[in-house]
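Below you'll find the structure, written out as structure tokens, and then a few comments.
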Amino acid sequence: MEQNLAEFCRILPKLELHAHLNGSLSNQTIKELHKTSGKPSTEDNDHWKSWEKITNQIEGHSLEECFQLFNITQSLTSHPAAVFKATQDVIQEFANDGVIYLELRSTPREVPGVMSKLEYIKTIAEAILNSSCQGILVKLIVSLDRRQGKQVAEENLDLVLNVRHQYPDIIVGTDLSGDPNKGNIDDYLPVLERARSLGLKLAVHCAEIPNQEEVMKILQLKPERLGHATCIHPEFGGSETLWIKLLQWEIPVEICLTSNVRCKTVPSYAAHHLERVIASKHPMTLATDDKGVFNTTLSQEYRIAAECFSLSKEDLYDLSLASVEYAFCTELEKMKMKDMFSHWKKRYLSL
Ligand code: 6MZ
């Protein structure tokens, strides 16, 4: 059964390990949330206009502009019903794109008088638990925002620890994210260590922009996964020492091609650090980061990787299958996914 590349990438079972909830909202979800938001329409319209204008810019935008876009979607997921709907819509959209395993991440957020941080996290977990979407397993990673300071990070971790026992199969890890130009990594290393000591897996945004000292500290933490890992190789603003450490410690990297190109942290797809990662056979997974903001899908990321780095369909299959090892789920869940991959291979890839 021969498919064209785009269709092959869509039906290929895939794992999405790096997706921020509020960056992943589709235009459809945003429109629907708008309609029911009940906010003064002028404010809503302004948000909507700048959203459409910026996400449609093919040539991309700066990291700073990206971070303004998150404020727009976050203004719509400002009460529990909207958070619930947003979560379920995102799950459905990933499933429609052939994603069989999704780790959604989101930063606890409160809206005074409307929603506490605890309600925010619980609402996402409930939306996952009650999703009627078939064929996709979903987990939650709670993000710590590097713009918010160490006290908020500690408070957010306490919150996670309080609520985790209610959702032991869903809340699996912690992420450090947020504008890489802001914050000091030293403030967050102790809280990440504490999260790990209490059984949470760590996914840490790393080297989205050059910062050799910070990157070394994150590598030394040895998180389970690194987000982006852009400026680690010496040709990408890192250094030989950092690159060697990354390879030596075999920390899997979450590669977000379109996100990096559109935020201009890499010059183009062809000049993306994925080439170095592939050449070194370093563990990695492809991810969307913010599929709404960057107007992409996971299957599109697979297709772009195949076209830019001459990957065959077998390579794409192997790449997707390898992601199972890096997922924050149980060994039994991994076994079931591997089983499902081998059935799929027999059907679609047997030569
Ligand atoms: C760093 C990012 C990011 O948490 O409200 N976020 N952090 N680098 C990126 N690369 C572009 N993309 C998204 O989702 C939005 C939040 O995710 C983080 C930012 O903190 C952003 O505010 P949630 O669901």
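Any chance you could look up the accessible area of L118 with a 1.4 Å probe, heavy atoms only, rounded to 10 Å²?
70
At what distance in nm do the modelled label points of A271 and I244 sit from each other, each positioned 7 Å from its Cα along Cα→Cβ?
2.7
Run the numbers on segment 271-351 and let me know its relative contact order in percent, using alpha-carbon pairs under 8 Å that are six or more apart. Please list the in-between numbers first.
Values: 34 pairs, mean separation 17.4, N = 81.
22 percent.
Over the chain, what relative contact order in percent results from Cα pairs under 8 Å that are six or more residues apart? Intermediate values should be presented prior to the final figure.
Numbers: 552 pairs, mean separation 73.1, N = 351.
21 percent.
Return one whole number: the accessible area per residue of the chain in Å², for a 1.4 Å probe.
Numbers: 14750 Å² over 351 residues.
On a per-residue basis, the chain sits at 42 Å².
Could you give the C-alpha radius of gyration of segment 197-268 expressed as a fraction of 2.2 N^0.38 Å, taking N as the number of residues it contains? Display every interim value, and only then the final one.
Working: Rg = 12.0 Å, N = 72, 2.2 N^0.38 = 11.2 Å.
This ratio for segment 197-268 stands at 1.07.
For the pair S310/L198, report the inter-label distance in nm, with labels modelled 7 Å from Cα in the Cβ direction.
5.0
Say the dipole of the chain comes from +1 at the beta carbon of Lys and Arg and -1 at that of Asp and Glu; which of S323, H20, L176 then lies farthest toward its positive end?
Value computed over the given set: S323.
Would you please name the trypsin sites (Lys or Arg not before Pro) within segment 158-255 that are DSSP coil residues with at most 12 other C-beta atoms within 10 Å of their C-beta? The partial results should precede the final answer.
On the way: sites: R164, K182, R194, R196, K201, K217, R225, K245; in loops: K182.
Here the sparse-neighbourhood loop sites are K182.
Across segment 105-116, in residue order, what do the Karplus-derived ³J(HN,Hα) couplings come to in whole Hz, using 6.51 cos²θ - 1.76 cosθ + 1.60 with θ = phi - 60° and x for Gly and Pro?
Each residue's phi maps through the Karplus curve to give 10, 7, 8, x, 9, 10, 10, x, x, 10, 7, 8 Hz.
Quick one: length gained pulling Q151 to L118 fully straight, 0.36 nm per residue minus the C-alpha distance? It would help to have the intermediate numbers written out before the result.
Working: separation 33, 0.36 × 33 = 11.88 nm, distance 1.64 nm.
The span from Q151 to L118 would gain 10.2 nm if fully extended.
Let's see if you can work this out: charge +1 on each Lys and Arg Cβ, -1 on each Asp and Glu Cβ, no other charges. What is the dipole magnitude of the chain about its Cα centre, in debye to the nearest 20? Let's see the in-between values first.
On the way: 38 positive and 48 negative charges, 110 e Å.
It works out to roughly 520 debye.
Rounded, prolate or oblate: which one fits the chain, using the alpha carbon gyration tensor with axes a ≥ b ≥ c (rounded when a/c is under 1.5, else prolate when a/b beats b/c, else oblate)? Don't skip to the answer; put the middle values down first.
Details: a/c = 1.29, a/b = 1.15, b/c = 1.12.
Rounded, because the longest to shortest axis ratio a/c is under 1.5.
Please state the charge dipole magnitude for segment 263-351, taken about the Cα centre, from unit charges on C-beta atoms (+1 on K and R, -1 on D and E), reported in debye and rounded to the nearest 20.
The dipole of segment 263-351 has a size of about 200 debye.
I'd like the GluC sites (Glu not before Pro) in segment 197-295 restricted to DSSP loop residues with at most 12 other Cβ atoms within 10 Å, sorted by number.
Of the GluC sites (Glu not before Pro), the ones in loops of segment 197-295 whose Cβ has at most 12 other Cβ atoms within 10 Å are E250.
Per-residue accessible area for S268 at 1.4 Å probe radius, Å² rounded to 10?
It works out to around 40 Å².
Using a 1.4 Å probe on the protein heavy atoms, what percent of the accessible area of segment 159-260 belongs to carbon and sulfur?
Values: 1810 of 3800 Å².
Carbon and sulfur: 48 percent of the exposed surface of segment 159-260.
What pairs in K35/K85; K182/K281; K245/K281; K313/K346 have C-alpha atoms more than 20 Å from each other?
Working: K35/K85 13 Å; K182/K281 32 Å; K245/K281 14 Å; K313/K346 14 Å.
As for pairs spanning more than 20 Å Cα to Cα, those are K182/K281.
Projected onto the charge dipole of segment 115-170 (+1 at Lys/Arg Cβ, -1 at Asp/Glu Cβ, origin at the Cα centre), which of Q166, Q151, Y120 gives the Cα projection farthest towards the positive end?
Q151
Can you tell me the dipole magnitude for segment 209-265 around its Cα centre, using point charges on the Cβ only (Lys, Arg +1; Asp, Glu -1), in Debye to the nearest 20? Let's see the in-between values first.
Numbers: 6 positive and 7 negative charges, 33 e Å.
Charge dipole of segment 209-265: 160 debye, to the nearest 20.
Estimate the FRET efficiency between E235 and R347 by the formula 1/(1 + (r/R0)^6), using the beta-carbon distance for r and 41 Å for R0, to the nearest 0.05. Please report the intermediate quantities before stating the final value.
Details: r = 41 Å, r/R0 = 0.99.
Approximately 0.50, to the nearest 0.05.
Antiparallel versus total DSSP beta bridges in the chain: what percent is that, nearest 5? Each step should come with its number before you reach the end.
Values: 1 of 32 bridges.
In the chain, DSSP labels about 5 percent of beta bridges as antiparallel.
The values are calculated or read from the model by the stated rules, or taken from the named source; none is laboratory data. In this text the structure is predicted, and so the values were computed from the model without any measurement. Because the Cβ atoms are built from the backbone with ideal geometry, glycine has one as well, and the counts that use them run over all protein chains shown. The area values use the complete protein model at the heavy-atom level, side chains included, leaving out ligands, DNA and RNA. Shrake-Rupley method; radii C 1.70, N 1.55, O 1.52, S 1.80 Å.
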